[in-house]
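Novice: Got a structure for you, questions after.
The values are calculated or read from the model by the stated rules, or taken from the named source; none is laboratory data. Only a predicted model underlies this, so the values are computations on that prediction, with no experimental measurement involved. Every residue, glycine as well, gets a Cβ built from its backbone with ideal geometry; the counts of neighbours run over all protein chains shown. These area figures cover heavy atoms from the full protein model, side chains too; ligands, DNA and RNA do not enter into them. Shrake-Rupley method; radii C 1.70, N 1.55, O 1.52, S 1.80 Å.
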Amino acid sequence: MNPGARLLILGKQGAGKGTQALRLSRHYVVPHISTGDTFRQAVRSGSEFGQKARQYLDAGDLVPDEIVIGMVRERLTRSDTSHRGFVLDGFPRTVAQADALAKMLNPHGLDLALDLEIDTASVLTRLASRRVCVDCGANYSVIDNPPRVPGLCDVCGGEVVQRDDDTEAAIRRRLELYEQETAPLIAWYEERDLLTRV
């Protein structure tokens, strides 16, 4: 068995963070914690939290720091992360969130932050063609990885749809927010000698 790890994945939407996080979580036998998946599950459930998150997600906006930090703090206190570690996907997205994460992880700290680099044109193409299973979250592409049976998940048989936030307007808004708020994390982790670019 591989030793555990405490990792996070940075990069623009559509860079492949979820795919790489899943591979790393399997390799290190640690949980893959996706804040985006957690928000989408809350929206589908119709919970009070999901209704609040939906207004931000549908507009392509980032959910406010205090909500995200609280959710991640709660998740990182579970026993499956405290012993072997985790792979964070979608958190942190701001320097304030990175500061909060550093405090949460003290004294153990983070092993590594991976920055997945991709150009904007590729992001637009990938996200516009992305489809996802509403039940298990498996990702597909109508261009190069469609489900074997159109509209049905190969993994669980669930419905495969385009996400509400994968419209061109929402994608462009998320990329603008990334440049404004998330890109400074690259410098933040680089200054702490924790960043690797991929």
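Novice: Can you tell me which residue within segment 113-127, out of those that are open to solvent by 40 Å² or more (accessible area, probe 1.4 Å) and within 16 Å of the chain's Cα centre (by Cα), is nearest to residue 145 (Cα to Cα)?
Specialist: 126
Novice: Restricting attention to segment 115-124, does a residue exist that is within 21 Å of residue 4 (Cβ to Cβ) and polar (S, T, N, Q)?
Specialist: No, segment 115-124 has no match at all.
Novice: Tell me which residues, restricted to segment 178-198, are buried (at least 17 other Cβ atoms within 10 Å of the Cβ), closer than 17 Å to residue 15 by Cβ and in contact with an Asp or Glu (Cβ under 9 Å, 6 or more places away or on another chain).
Specialist: 185, 189, 195
Novice: Mind checking which residues of segment 140-159 are open to solvent by less than 20 Å² (accessible area, probe 1.4 Å) and in contact with a Leu (Cβ under 9 Å, 6 or more places away or on another chain)?
Specialist: Answer for segment 140-159, where residues must be open to solvent by less than 20 Å² (accessible area, probe 1.4 Å) and in contact with a Leu (Cβ under 9 Å, 6 or more places away or on another chain): just 158.
Novice: Can you tell me which residues in segment 31-62 are acidic (Asp, Glu), in contact (Cβ under 8 Å) with a residue 60 or more places away in the chain and either part of a helix (DSSP H, G or I) or open to solvent by 70 Å² or more (accessible area, probe 1.4 Å) (or both)?
Specialist: 37, 58
Novice: So, one more: Is it the case that segment 15-30 has a residue that's assigned to a loop (DSSP other than H, G, I, E, B), closer than 21 Å to residue 197 by Cβ and either without any contact (Cβ under 8 Å) to a residue 40 or more places away in the chain or not basic (Lys, Arg) (or both)?
Specialist: The answer is yes; a qualifying residue exists.
Novice: Can you pull out the residues in segment 95-129 that are in a loop (DSSP other than H, G, I, E, B) and in contact (Cβ under 8 Å) with a residue 60 or more places away in the chain?
Specialist: Correct list: 108, 109, 110, 111, 117, 118.
Novice: Is there a residue in segment 64-83 that is assigned to a loop (DSSP other than H, G, I, E, B), farther than 27 Å from residue 105 by Cβ and not polar (S, T, N, Q)?
Specialist: no
Novice: Considering only segment 93-112, state which residues are open to solvent by 30 Å² or more (accessible area, probe 1.4 Å) and in contact with a Pro (Cβ under 6 Å, 6 or more places away or on another chain).
Specialist: Within segment 93-112, 95 is the sole residue that qualifies.
Novice: Right, next: If you scan segment 71-85, which residues turn out to be over 16 Å from the mean Cα position of the chain (by Cα) and open to solvent by 30 Å² or more (accessible area, probe 1.4 Å)?
Specialist: Passing the criteria: 74, 77, 78, 79, 80, 82, 83, 84.
Novice: Test residue 176 against the criterion of being outside any loop (DSSP other than H, G, I, E, B), out of contact with any Leu (no Cβ under 8 Å at 6 or more places or on another chain) and either among the aromatic types (Phe, Trp, Tyr) or at pLDDT 90 or above (or both), and give yes or no.
Specialist: no
Novice: Enumerate the pairs (first residue in segment 171-186 and touching a residue at least 40 places away in the same chain (Cβ under 8 Å) and closer than 23 Å to residue 112 by Cα; second residue anywhere and open to solvent by 30 Å² or more (accessible area, probe 1.4 Å) and part of a helix (DSSP H, G or I)) with beta-carbon separation below 9 Å, excluding pairs fewer than 6 apart on the same chain, so at least 6 apart or on different chains.
Specialist: Hits for this filter: 181/95; 184/95; 185/95.
Novice: Can you say whether residue 68 is open to solvent by less than 80 Å² (accessible area, probe 1.4 Å) and modelled with pLDDT of 80 or more, as far as the supplied structure shows?
Specialist: Here the answer is yes, as residue 68 does meet what is asked.
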